[in-house]
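Peer 1: Handing you this structure, nothing more for now.
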Amino acid sequence: MQSPLYLFNIEEYLELEQTSDIRHEYFGGEVFAMAGGSKEHNIISLNVASSLRSQLRGSFCNVFMSDMKVRINLASDHQTIFYYPDVIVSCDTEDQDRYFLNYPCLIIEVLSPSTETIDRREKLVNYRSLTSLREYVLISQDEVKVDIYRQDKQGNWTIQILINRNDKLVLDSVGLILEMADIYENVINL
């Protein structure tokens, strides 16, 4: 037996998200439920978001955690995507929508076994289409490893991989330097 696949329009999706007990990501009309994260995942997200919030307090920048969506409009496919990154920063005064951001400068994902492939492939490709995005950071929760994708002023992307306990995560987009011990506090003994 076959059932037709229901495609949500953006308004239906946004309305669903306001009343749903679970979060869903949206990709071109299809809606995908999100799984909950581990304790380590949550601690790392909170460690990073807390440092960002402390550093950016009083500025035009706002820090959000996993309940704020990022909207991506893929011009080439005429599709809209909504993702829920673990940590997001927007410093753009044009970001006035209540339930999603259009102009993030920094997106951070804490890798989980169930989402790592999506974060490293699909989301990397789609996030890079955001002209406002300067850095996309992937943080492993099982080992000391941080991947930083950076966009330069010419629009070129580079990757830096940190694996040493003494490395520092330099976030040029917001002018913050994080020690590995701060990122992994209460998760991995450094």
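Derivation of every value follows stated rules applied to the coordinates shown; laboratory data play no part. In this text, all values refer to a predicted model and were calculated from it rather than measured experimentally. Cβ coordinates were reconstructed from backbone atoms using ideal geometry, including for glycine residues, and neighbour counts include every protein chain displayed.
Peer 1: Figure the gain on full extension for Thr117 and Asp97 (residue separation times 0.36 nm, minus the Cα-Cα span) and round it to one decimal in nm. List each step's numbers first, then the result.
Peer 2: Numbers: separation 20, 0.36 × 20 = 7.20 nm, distance 2.91 nm.
Extending this stretch completely gives an extra 4.3 nm.
Peer 1: Which ³J(HN,Hα) values, rounded to whole Hz and listed in residue order, are derived for region 182-190 from phi using the Karplus coefficients 6.51, -1.76 and 1.60 in 6.51 cos²θ - 1.76 cosθ + 1.60 with θ = phi - 60°, glycine and proline given as x?
Peer 2: So the J values, rounded to whole Hz, are 6, 5, 9, 4, 6, 10, 10, 6, 10.
Peer 1: Could I ask something else about it? In the chain, which cysteines lack any other cysteine Cβ under 4.7 Å from their own?
Peer 2: Cys105
Peer 1: Give, rounded to the nearest 20 debye, the magnitude of the charge dipole that the chain has about its Cα centre when Lys and Arg contribute +1 at Cβ and Asp and Glu contribute -1 at Cβ.
Peer 2: On the way: 17 positive and 29 negative charges, 94 e Å.
Computed charge dipole of the chain: roughly 440 debye.
Peer 1: Apply the Karplus parameterisation 6.51 cos²θ - 1.76 cosθ + 1.60, with θ equal to phi minus 60°, to every residue of region 144-156 and state each ³J(HN,Hα) to the nearest whole Hz, in sequence, with x for glycine and proline.
Peer 2: Residue by residue, region 144-156 yields 6, 7, 9, 9, 10, 9, 10, 9, 8, 5, 8, x, 7 Hz.
Peer 1: Return the calculated 222 nm mean residue ellipticity for the chain, to the nearest 500 deg cm²/dmol, obtained by summing -39500 (n - 2.57) across DSSP H runs with n ≥ 4 and dividing by the residue count. Before the final figure, lay out the partial values.
Peer 2: On the way: 5 runs with 43 residues, N = 190.
Value at 222 nm, helices only: -6500 deg cm²/dmol.
Peer 1: What residue among Tyr83, Ile107, Leu56 has its Cα farthest toward the positive end of the dipole of the chain, where the charges are +1 on Lys, Arg and -1 on Asp, Glu, each on the Cβ?
Peer 2: Highest projection toward the positive end goes to Leu56.
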